[in-house]
Amino acid sequence: MKSSEKILVLLLLLFLQVGCAMSKSVKISSPAGTLTAEFLLEEGRPFYKLYLGQETILERSPLGLTCSRGDFTENLKLADLSAPETVSDDYTMPHGKQSRIQYRANRRVVSLQNPQGQILQIEFQVSNDGLAFRYRLIGEGQTTAIEREATGFAFASGTVSWLHPMHDSKTGWEKTYPSYESHYEIEKPVGLPSPYSAGWAFPALFRVGQIGWALLSESGVDQRYCGTRLAQDSAGGVYHIAFPQANEHRGPQDPIAPSGKLPLVLPWRLIIAGRGLDVIVQSTLATDVAAPSKIADLSFIKPGRASWSWLRYDSVGTDLPILQEYLQMAADLGWEYMLVDCDWDRRLGYEKIAALSKEAHSKGVDLLLWYNSNGDWNNAPMTPKNRVHLPQVRREEFRRIAEMGIRGIKVDFFGGDKQATMQLYMDILRDAADFNLLVNFHGATLPRGWQRTWPNLVTTEAVMGMEFCTFDQANADRQAQHCCVLPFTRNVAASMDFTPLVMDRKIRGVRRKTTAVFELSLPIIFESAVQHFGLAPFEASALPDFAVDYLKRVPTAWDQTRFVAGLPGKDAVLARRKGNDWYVAGINGENRSKTMLLDLSFLPKGRPGILIYDGADDSIQTKIIHSPSAAALEAQLAPSGGFVLQILQP
Ligand code: CA
């Protein structure tokens, strides 16, 4: 090298060093280049931004955390930056919105050093539908508690939000909250505090001006961490990660701060982002970054439809004559399951359940059984109680019901997101898998990528479901709008046990405000690997034959899902494919009739469609559409109405 070249190199190095001391920037783009994350280290403080094309979807947002060993929010220097890598993961799911999934992302790991020489790594993975990032605390064996996260999400003013308030702990019915059962705050400016004092639940939806949409959530939360949320205050549109409240679940005996032995890997934080809502609705990011299945033989995991007497009859529905009617209905409709809800141990007992299980098998139906998760952490009186929270009792119970031919459990009333509660969720999933039992969590947290890691988790409530529309007329009045928020929020992240399908105009003294066809479209609009339907036998027998045929064939697990049209809280049209059959369904969240122009050109050409649509006086009508595969099909939606279009393999 000539001396002049040497001087040039030295000058360049000096320039880089000075530049580094002030601020550093690392950009990571998605494989198609549509989305770009930028890591920034400014005067020792870490931040990130997210761009959609050239436009900013997430403003400069804080990173870092404070743990019992040291602080990683300031005075940091860049110790290492990994070379760009590509992540490529092809996997299949036995249920969910899509069966075969290809995850492609670009990955870089930033290593930050604090003045004590400790290292915090941040892993960034950018796919075409979003950014996933997580922290990794480096070390060997030392126990560390995470005291606070600085992690935030900063939205520009003008951003609009659809957010799910967290309830305060030990409030609500029999002190069972939080249970992720609230109405969303719809289309509100960012920066407002949550209506209670416990922040906002994931997933959280934002529309950033005219630029695009972002959905915040998390994945890969297990016994190593707590479930987090967005903090109560979001001044200036900056939403911060917050921990559970002190009194959740078992209360003060469990610490708020998650802890573990180093090295510690924290959960993935997700920002699903795109220009259109198709990116949000179709995203599989929550399972893409979750750990692969821990269950080797998935043959016992069968998605399906379940009859369920509780919605209409409460615990009286657990009496034998009613159960036998619901069992016969399930058999007649070719449904795979019947869920026996609370108090079955007192109203029937194990022997009668064993006999009912046998009778069910003779009709081609399997039984699912309800359990109370308690413990003494709330006052929910339903039984069986104290059967699933102690390891030995739980395994003995699971063995006993598995021997009776029971195929799954519904476990209710968890009420918290602390690390200890996450441990309970994981323990139930693992032990249930050992006895080939399916699991349905109720009164529960949002499952965070769990259906990939533990695919015996077939659905979770974590939603203000149909039951609320039977408790209170005010909830029934809001049902259509509420249902139009869920496909863009809660149901993006995981199977959702909304428990739809009420045909009679009245239920428990409440009057249904949606149309009958709105109800019929929900099994397509809402994804749940096991759909627990509220339909009662007297309602089923009043249905026209074409509606019965539809309920006999409707799938609950999908090969493909497409967003067709809609806006959160206003309307939603989704298309789902199983094998060569397509189902397109729409719901109207507004109390006025409307015409929607749908692009259905993706449908197979030359096949007719069977349309189910609203007639006068809440009647259910049908007709054949000769060529539904059109670029601009006109769909008429009644006020709070719906439609179902079936395009079946000839
Ligand atoms: Ca519930």
Report, in whole Å, the centroid distance computed from the Cα atoms of the range 576-615 and the range 207-251. 35 Å
For a paramagnetic label modelled at 7 Å from the Cα of Asp599 toward its Cβ, which residues of the range 605-648 fall within the zone defined by backbone nitrogen distances under 13 Å? 630-633
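When the dipole is taken about the Cα centre of the chain, and only Lys, Arg (+1) and Asp, Glu (-1) are charged at their Cβ, what size is it in debye, to the nearest 20?
On the way: 68 positive and 70 negative charges, 200 e Å.
In total the dipole reaches around 960 debye.
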So if the hydrodynamic radius of the range 532-600 is defined as the Kirkwood radius over C-alpha pairs, what does Stokes-Einstein give as its diffusion coefficient at 20 °C and 1.002 mPa s, in µm² per second? 151 µm²/s
Could you please rank Ile401, Ile101, placing first whichever residue has the fewest other Cβ atoms within 10 Å of its Cβ? Ile101, Ile401
Distant-in-sequence amide H partners of Arg69 (H built 1.01 Å from N, under 5 Å): Ala145
For Val238, the residues 5 or more places away or on another chain with a placed amide H closer than 5 Å to its own amide H are Phe155
Nitroxide proxy distance, nm - points 7 Å out along Cα→Cβ at Leu648 and Arg511: 3.6 nm
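Which values, in whole Å and largest first, are the semi-axes of the equivalent ellipsoid of the range 166-325 obtained as the square root of 5 times each eigenvalue of the Cα gyration tensor?
Numbers: eigenvalues 184, 105, 97 Å².
Gyration-tensor ellipsoid for the range 166-325: 30, 23, 22 Å.
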Dipole check, the range 146-275, charges on Cβ (K,R +1; D,E -1), about Cα centroid: among Trp173, Ala257, Val221 the Cα furthest to the positive pole belongs to Val221
P(r), alpha carbons of the range 187-237 - 10 Å bins starting at zero, rounded %: 22, 48, 25, 5
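Going by C-beta contacts inside 10 Å, put Glu325, Glu85, Glu181, Glu248 in order with the fewest on the left.
Working: Glu325 17, Glu85 12, Glu181 22, Glu248 28.
In increasing order of surrounding Cβ atoms, one gets Glu85, Glu325, Glu181, Glu248.
Determine the gain in length on full extension of the stretch Tyr91-Asp319; use 0.36 nm per residue of separation and subtract their C-alpha separation, reporting nm with one decimal. Before the final figure, lay out each step's value.
On the way: separation 228, 0.36 × 228 = 82.08 nm, distance 4.29 nm.
Net length gain for the segment: 77.8 nm.
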Treat each spin label as a single point 7 Å out from the Cα along the C-beta direction, and report the Arg399 to Lys352 distance in nm. 2.7 nm
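Taking a cut-off of 17 Å, what percent of all Cα-Cα pairs in the range 393-532 are separated by more than that?
Above the 17 Å cut-off, the range 393-532 has 62 percent of its Cα pairs.
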Looking only at Cα atoms, what is the convex hull volume of the range 110-225 per residue, in Å³? 163 Å³
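Starting from the Cα-Cα distance between Gln142 and Ser25, subtract it from 0.36 nm times their residue separation and give me the gain in nm to one decimal. Spell out each step's value before the answer.
Details: separation 117, 0.36 × 117 = 42.12 nm, distance 3.14 nm.
Residue separation times 0.36 nm, minus the Cα-Cα distance, leaves 39.0 nm.
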Can you list the lysines whose alpha carbon sits under 18 Å from that of Lys261, skipping same-chain ones fewer than 8 residues off? Lys418
Under 12 Å from a point placed 7 Å out from the Cα of Ser68 along the Cα-to-Cβ direction: which residues of the range 235-260 have their backbone N that close? 255-260
The range 354-419 - Rg (one decimal) and Dmax (whole number), Cα, Å: 13.6, 43
List the lysines whose Cα lies under 23 Å from the Cα of Lys513, skipping any in the same chain that are fewer than 8 positions away. Lys570, Lys594
Among bridges DSSP assigns within the chain, what percent are antiparallel (round to 5)? 85 percent
Let me check against my output: what whole-number percent is the relative contact order of the chain, with C-alpha pairs under 8 Å and at least 6 apart? 12 percent
For the range 317-455: span of alpha carbons on each principal axis (Å, largest first): 43, 32, 24
Using θ = phi - 60° and the Karplus curve 6.51 cos²θ - 1.76 cosθ + 1.60, what whole-Hz ³J(HN,Hα) does each residue of the range 114-120 get, with Gly and Pro shown as x? 8, x, 7, x, 7, 10, 10
Cross-link reach list, aspartates and glutamates versus Lys578, counting only Cα pairs under 13 Å and skipping chain neighbours closer than eight places: Glu527, Asp559
Using Cα pairs under 8 angstrom and six or more residues apart, how large is the relative contact order of the range 351-472, in percent? 21 percent
Residue-span extension gain [Arg100 to Lys552] - 0.36 nm each, minus C-alpha spacing: 160.2 nm
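If you average 1/r over all unlike Cα pairs in the range 519-650 and invert the result, what Kirkwood radius do you get in angstrom? Please report the intermediate quantities before stating the final value.
Values: mean 1/r = 0.0664 Å⁻¹.
Taking every pair of different Cα atoms in the range 519-650, averaging 1/r and inverting gives 15.1 Å.
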With only alpha-carbon atoms counted, please give the Rg and Dmax of the chain, in Å. 25.5, 97
For the range 255-371, inverting the pair-averaged 1/r of distinct alpha-carbon atoms gives a Kirkwood value in Å of 18.0 Å
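Can you sort Leu63, Leu648 by how many other beta carbons sit within 10 Å, fewest first?
Details: Leu63 25, Leu648 14.
By the 10 Å Cβ count, ascending, the order reads Leu648, Leu63.
Read-outs throughout are calculated quantities, based only on the coordinates presented, and are distinct from any laboratory measurement. Source: prediction; values computed, not measured. Quick reminder, even Gly has a Cβ in these numbers, built from the backbone with ideal geometry, and neighbours come from all protein chains shown.
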